[in-house]
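The values are calculated or read from the model by the stated rules, or taken from the named source; none is laboratory data. On a predicted model such as this, the values are computed, not experimentally measured, just so you know. With ideal geometry, Cβ positions are generated from the backbone for all residues, glycine too; neighbour counts draw on all protein chains shown.
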Amino acid sequence: MAKVGDTILQVKDLRLSFKTQQGVLKAIRGVSFDLKKGETLAIVGESGSGKSVTSKAIMGILAGNAIHEHGSIMYEGEDLMLLPDEKFTDIRGSKITMIFQDPMSSLNPIMKVGKQITETLILKMKMPKEKAYEKAISLMEEVGIPDPKRRFHQYPFQFSGGMRQRIVIAIALANDADILICDEPTTALDVTIQAQILELIKKIKKERNLSVIFITHDLGVVANIADRVVVMYAGQIVEEGLVNEIFYNSQHPYTWALLSSMPNIDTKEDRLESIPGIPPNSIDPIIGDAFAPRNKYAMQIDFEQEPPRFKVSDTHFAKTWLLHPDAPKVKKPLAVQRIEKRHKEGGVTNERK
């Protein structure tokens, strides 16, 4: 049995494409990372960066036009990319489970929520109906549903957005999974409820010793929830490190751009910075650094040659030519400098309360 700190999931040089009418879209271009037992790994990036495709590959729910070109996803000594569907069914939902963005799309609108929880207990765990009912009530209490015995018999439309997401979390926890994947679980919720759901995920992770993969486009969301952060752009990991390293010692211009576009305690009358341009079309060949056309720090080499993975520390890496010994020294954006300065002074930066 895995102990805290052991590697529970390993993604190695994963390359995925999709057949489209326009051509073959290179969605994932050599992604590698480990997930440790009991940690929260945040995967951050804009829409189209490949973060959700990576999570769907782990869950075995890629679209039918997906092409597995190379790489592996190792879990309990087996490569999930090579498992037949019938064997993956035993893992999906039982060992590895997932929460999606919109709780209403995850719930059957014409089935009472209690039955939706007990269904997975009866089918997956072969639990008798009476015991499944007791377990469902316990799960509803665990995720903060008030008066669970009454609400067990209600329909999803009778719940608020935040309460529906709590029900989805209860279903995800029903089979005592090892890994919980959260795919932007707070995007459809208002800020107050968002904070409550984040705190709930933190609480459950600690109590159950779960390993969590938290996917988001917003670095601010992960400031107070993640242990490590992976920043993705155009199907690649451009920077990875401990959460403090990413927030307070970031090295890649794309990470700087994400931090600069995020409101924090220093944001007053200044306008938030936006990232110019759009992500590249992954059907066309990408030459050099994919972020170069949007990067004001780009050098000629960025348009000609893909940067290697430079080591910043034993836990911090970044794919940018700015880390080459011969690269010119540049000043980070003002917003990033402010974040780092406040951290050195011991002040609060971008953690959302």
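Residues in segment 179-201 that are free of Cβ contacts under 8 Å to residues at least 60 places away in the same chain and either farther than 28 Å from G60 by Cα or surrounded by fewer than 17 Cβ atoms within 10 Å (Cβ to Cβ) (or both): D190, T192, I193, Q196, E199.
Only one entry in E134, E142 is without any contact (Cβ under 8 Å) to a residue 24 or more places away in the chain and either out of contact with any strand residue (DSSP E or B) (no Cβ under 6 Å at 6 or more places or on another chain) or in the same structural domain as T118 (by TED's automatic domain parsing) (or both), namely E134. Within the bounds of segment 51-71, is there any residue that is of a type in the set (K, R) and touching a residue at least 40 places away in the same chain (Cβ under 8 Å)? There is at least one residue in segment 51-71 that is of a type in the set (K, R) and touching a residue at least 40 places away in the same chain (Cβ under 8 Å).
Yes or no, residue by residue, for (1) at pLDDT 95 or above; (2) at positive phi; (3) not acidic (D, E):
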{"residue": "L272", "(1), (2), (3)": "no, no, yes"}
{"residue": "I278", "(1), (2), (3)": "no, no, yes"}
{"residue": "S282", "(1), (2), (3)": "no, no, yes"}
{"residue": "P285", "(1), (2), (3)": "no, no, yes"}
{"residue": "P293", "(1), (2), (3)": "yes, no, yes"}
{"residue": "E306", "(1), (2), (3)": "yes, no, no"}
{"residue": "D326", "(1), (2), (3)": "yes, no, no"}
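Only one of E46, E86 is surrounded by fewer than 19 Cβ atoms within 10 Å (Cβ to Cβ), modelled with pLDDT under 95, more than 28 Å from K203 (Cα to Cα) and acidic (D, E); which?
On the way: E46 fails: more than 28 Å from K203 (Cα to Cα).
Only one candidate qualifies: E86.
Among the residues making up segment 199-221, those that are more than 18 Å from S106 (Cβ to Cβ) and either in the same structural domain as Q154 (by TED's automatic domain parsing) or modelled with pLDDT of 90 or more (or both) are E199, K202, K203, K205, K206, E207, R208, N209, L210, S211. How many of the residues making up segment 79-113 are out of contact with any His (no Cβ under 6 Å at 6 or more places or on another chain) and touching a residue at least 40 places away in the same chain (Cβ under 8 Å)? Residues flagged as out of contact with any His (no Cβ under 6 Å at 6 or more places or on another chain) and touching a residue at least 40 places away in the same chain (Cβ under 8 Å) within segment 79-113 amount to 19.
Kindly indicate whether A27 is at negative phi, of a type in the set (G, A, S) and under 17 Å from the mean Cα position of the chain (by Cα).
Judged against the criteria, A27 is a match.
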